[in-house]
Amino acid sequence: MSVIQHPSFGEVAEDRIIILDTTLRDGEQSPGFSMNLAEKLRLAEALAELGVDVIEAGFPIASPGDFEAVRAIAEAIRGPVICGLARSGREDILRAAEAVKKAARPRIHSFLSTSPLHMKHKLRMEPAAVLEAVAGSVMLARRYTDDVEWSAEDGSRTESDFLCRCVEAAIRAGATTINIPDTVGYALPEDMARIFIMLRERVPGTEKVILSTHNHNDLGLAVANTIAAIRAGVRQVECTINGIGERAGNAALEEIVMALRTRHDAIPAANRIATENILRTSRLLSTITGFDVQPNKAIVGRNAFAHEAGIHQDGVLKHAGTYEIMTPESVGWTRSSLVMGKHSGRAAFRNKLKALGYDGIGDNQLNDAFRRFKELADRKKAVYDEDIVALVDDEVLRAHDRIRFISLDVHAGSRRKPEATLEIEVDGTPLAATAQGDGPVDATFRAIRALFPHDSVLRLFSVGAVTEGTDAQARVTVRLEENGKLVDGQGADTDTIVASARAYLHALNKLLVKRARTEPKALSA
């Protein structure tokens with residue numbers, strides 16, 4: 001068995017798969033997605049608990065906020081390698097180096113386009129200049145860390161000979177990981193396998209570095225392409241929670257990991273992911289971003305382990321293996337518990353939070369969450385785990401919002417004009433307003449606009465239920481657009497109008513984050 005010596009991981013055997021999670025970088029580039037510093041730190045903590053090997057924490061040159069987030073994650077998170085993305089320019093690399101320098105294990109990830117289409121129309125560079133930039137960027141990055149990754153953007157559409165020359169130049173310059181992305185989701189599984197087999201056969205030094213794959217899902221083939229690359233000798237995969245990312249997204253971490261675990265007979269490769277934390281991490285991301293996964297999403301969708309057909313139900317009752325190729329518990333699914341209620345005390349609530357994976361909640365956040373739990377328990381006959389997750393995530397993750405919900409009083413009906421009186425806090429200052437509208441939701445949103453004027457346009461208003469029953473909490477999603485930027489917000493409450501207000505305010509807070517962010521040119525990978 002061949003072994004590679006890597007500066008961050010030591011000996012890496014050929015059956016070891018390094019998991020690089022780029023949810024905080026590529027994932028956050030998704031239209032409508034944005035996270036503030038507190039949310040990024042919370043997700044980074046969850047990724048570390050999940051067991052990812054590398055957290056690509058962001059693109060430090062993109063904005064002051066991105067830089068601060070990468071630096072904060074590098075300082076706070078221990079365990080995974082902390083990686084900052086950079087284009088090939090000097091300023092990008094120096095900014096990334098500064099952001100990750102306090103990490104226990106820092107990495108700089110430099111990339112440059114190599115396909116004829118990108119070189120001609122995006123970079124406007126000749127191949128010789130690209131080769132020179134590849135070597136120069138890697139050598140500069142190596143001054144600041146021994147762990148340097150280089151990516152050939154649009155690598156799957158790059159001419160074979162030139163790709164080999166670029167990879168060889170990066171290795172000679174000191175790159176320790178070579179990543180070939182299918183940036184636009186164009187490749188088929190056999191294409192990705194061919195590329196990596198070719199590189200291993202033709203490029204000197206590939207046996208001494210980690211080969212990596214990063215696949216987008218434009219044709220729905222990201223996970224298939226990733227598996228094909230693994231079987232062709234790749235030892236690092238780049239992926240995101242829930243498969244989020246540019247356009248149609250990236251290869252989904254949960255799908256790759258469970259494919260490796262379930263089909264170990266065909267793909268004898270190991271990784272460090274604690275699979276029982278997958279669902280919790282997926283739900284945390286959904287709460288932060290405001291994007292729920294579709295019900296039939298593999299592994300983490302609510303129907304992933306549901307059986308409605310009578311034949312299937314009969315088979316599962318007799319033996320789960322008849323229709324389930326993995327256990328729900330292996331990825332974190334459990335049967336909803338009904339043990340919490342209005343008579344449950346603070347200690348029981350804290351224990352329940354610990355069981356649900358909330359270990360680091362501060363006293364103030366615990367008090368706020370417990371207060372909302374008691375209010376919820378007074379209104380619901382049965383409080384499910386999903387109910388607690390919804391309200392705690394809403395409370396914990398909104399703790400640093402500039403705009404916060406205080407109260408709402410709505411009057412509506414068939415014989416009167418709907419009216420909403422709303423109280424919020426903006427940067428700690430309480431504000432109140434009353435507005436009328438075509439319905440109670442419209443009146444509420446008009447009150448928000450009166451208190452916090454803005455030019456964004458409402459593009460989506462969606463209502464779902466957290467659990468079953470007429471007393472279920474409503475989960476509302478609101479999508480706002482401002483100057484071409486999309487943000488989604490979520491809110492949960494047994495009162496649908498209150499949930500709507502929370503969702504709208506969540507979206508506004510994310511819009512404020514977006515306003516502070518400036519994208520550099522040619523951002524991709």
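Just so it is clear, none of the values below were taken in a lab; they were calculated from the coordinates. Quick caveat: nothing in here was measured; it's all calculated off a predicted structure. Please note: Cβ atoms are built from the backbone with ideal geometry, for glycine as well, and neighbour counts cover all protein chains shown.
For the pair Glu324 and Asn303, label points projected 7 Å from Cα toward Cβ lie 1.8 nm apart.
The stretch between Asp191 and His121, if pulled fully straight at 0.36 nm per residue, gains 22.8 nm over its current Cα-Cα span. Residues of segment 407-444 falling in the label zone of Phe461, defined by backbone nitrogen less than 15 Å from a point 7 Å along Cα to beta-carbon, are 410-413, 418-421, 435-444. Checked against a 29 Å cut-off, the cross-linked pairs Lys102/Lys514; Lys40/Lys120; Lys40/Lys485; Lys354/Lys380; Lys352/Lys485 give Cα-Cα distances beyond that limit for Lys40/Lys120; Lys352/Lys485. On the basis of the beta-carbon distance and an R0 of 35 Å, Thr421 and Ala355 show a calculated FRET efficiency of 0.35.
Quote the relative contact order of segment 1-70 in percent (integer), defining contacts as alpha-carbon pairs under 8 Å separated by 6+ residues.
30
Taking label positions 7 Å along the Cα-Cβ direction at both Val3 and Lys102, the computed distance is 3.5 nm, reported to one decimal.
Once the Cα atoms are used to define both axes, helix 385-397 deviates from the longest principal axis of the chain by about 80 degrees. Annotation: the residues Cys166, Cys239, sorted from fewest to most other C-beta atoms within 10 Å of their own C-beta, follow the order Cys166, Cys239. Taking θ as phi - 60° and the Karplus parameters 6.51, -1.76 and 1.60, the scalar couplings of segment 243-258 work out to x, 6, x, 3, 6, 7, x, 10, 4, 7, 3, 5, 6, 4, 4, 6 Hz in sequence order, x denoting glycine and proline.
For Lys40, Lys354, what's the fewest-to-most ordering of other Cβ within 10 Å of each Cβ? Ordered from fewest to most neighbouring Cβ atoms within 10 Å, Lys40, Lys354 come out as Lys354, Lys40.
Here the contact order of the chain, divided by its residue count and restricted to Cα pairs under 8 Å and six or more residues apart, works out to 12 percent.
Taking Cα atoms only, the orientation of helix 363-379 departs from the longest principal axis of the chain by about 50 degrees. Adding -39500 (n - 2.57) for every DSSP H run of four residues or longer, then dividing by how many residues the chain holds, sets the calculated 222 nm ellipticity at -12000 deg cm²/dmol. Between Met139 and Glu201, the modelled label-to-label distance comes to 3.2 nm, taking each label 7 Å out from Cα in the direction of the beta carbon.
On C-alpha positions alone, give me the angle between the axis of helix 346-355 and the longest principal axis of the chain, in degrees, nearest 10. Tilt of helix 346-355: around 30 degrees. When only Cα pairs under 8 Å and 6 or more residues apart are kept, what is the percent relative contact order across segment 403-515? This gives 18 percent for segment 403-515.
Excluding same-chain neighbours fewer than eight residues apart, the lysines reachable from Lys122 by a Cα-Cα span under 18 Å are Lys521.
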